[in-house]
Amino acid sequence: MRFAGVAVAVAGVLVAAGAVSYAVAEDGGSNPTPAVDSADAGFARDMAVHHQQAVEMSYIVRDRTDDEEVRRLAYDIAQTQANQRGMMLGWLDLWELPKVSADPPMAWMGMGDMPTGKDGALMPGMATNSDLKKLGTLSGKQAEVLYLQLMTDHHKGGIHMAEGCVDKCTVGVEKRLAQGMVNGQQSEIDLMAGMLKDRGAKPRA
């Protein structure tokens, strides 16, 4: 079944979540607390925002279709990314750093000068407010296709950010979580490509 590999990956992330939440404190014992403008803090802040939108989209489509395959994927994404978001916000609390910043999104990646996101799309891959509104008006196959397309774009943007953390972050447990995001979201992109094909559609260019 398509979901076998993804389900294993999701389960692994959720089982490890508690350990990861506490392990970050141990990492802090051998490394200085990240600075407010560090890659570690920037990634945690920006990815928390990025993840929140994925959770929102997943709950929207859950109520717009009866297709079990799409509903199961949406549930897995919502649960995994809500859990990861909680961990990242928890780290910022442990580090006594603000959860918001006056710096532009992705400044920690050296991309603070990128054009300001339009219509609510604050970072690469994020859906616009218009996209979310449209998703909420569709149902059945149309909602499924738009969700899969939007989430594919969202994951691509998320992978780019996570790869930035793998390269630039200094807290070991955060780097490992970021690599897990890269692996898990790439698996879901591959899964969604097949789901779109089954529905006579394909990812957006």
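The values are calculated or read from the model by the stated rules, or taken from the named source; none is laboratory data. Values in this document were obtained by computation on a predicted structure and should not be read as measured data. No Cβ is skipped: glycine too gets one built from the backbone with ideal geometry, and neighbour counts run over all protein chains shown. Surface accessibility is based on the protein's heavy atoms, side chains included, excluding ligands, DNA and RNA. Shrake-Rupley method; radii C 1.70, N 1.55, O 1.52, S 1.80 Å.
Brief remarks on what is shown
- Difference of contour (0.36 nm per residue) and Cα-Cα distance, Q79 to K202: 41.8 nm
- Residue-normalised accessible area of segment 64-160, expressed per residue, 1.4 Å probe, Å²: 48
- Inter-part distance where segment 50-72 and segment 154-205 are each reduced to a Cα centre, Å: 17
- Contact order relative to length of segment 67-177, as percent, for alpha carbon pairs under 8 angstrom and 6 or more apart: 18
- The largest accessible area among E163, E188, E69 belongs to the first residue in E163, E69, E188, and the rest follow in falling order (1.4 Å probe, all chains).
- Cα point-scatterer Debye curve for segment 55-152, base-10 log of I(q)/I(0) at q = 0.24 Å⁻¹: -1.19
- If R0 is taken as 22 Å, the Cβ-Cβ distance between K118 and Y59 corresponds to a FRET efficiency of 0.40.
- Too-long pairs where the Cα-Cα distance tops 31 Å, listed order kept, from K141/K168; K118/K175; K118/K202: K141/K168
- Each principal axis of the Cα cloud of segment 104-178 was taken in turn, and the coordinate range along them, longest first, works out to 44, 26, 13 Å.
- Rounded to the nearest 10 Å², the accessible area of R85 at probe 1.4 Å: 70
- Only Lys, Arg (+1) and Asp, Glu (-1) charged, at Cβ; segment 100-192 dipole about Cα centre in debye: 140
- Segment 42-165, dipole about Cα centre (Lys/Arg Cβ +1, Asp/Glu Cβ -1), debye to the nearest 20: 200
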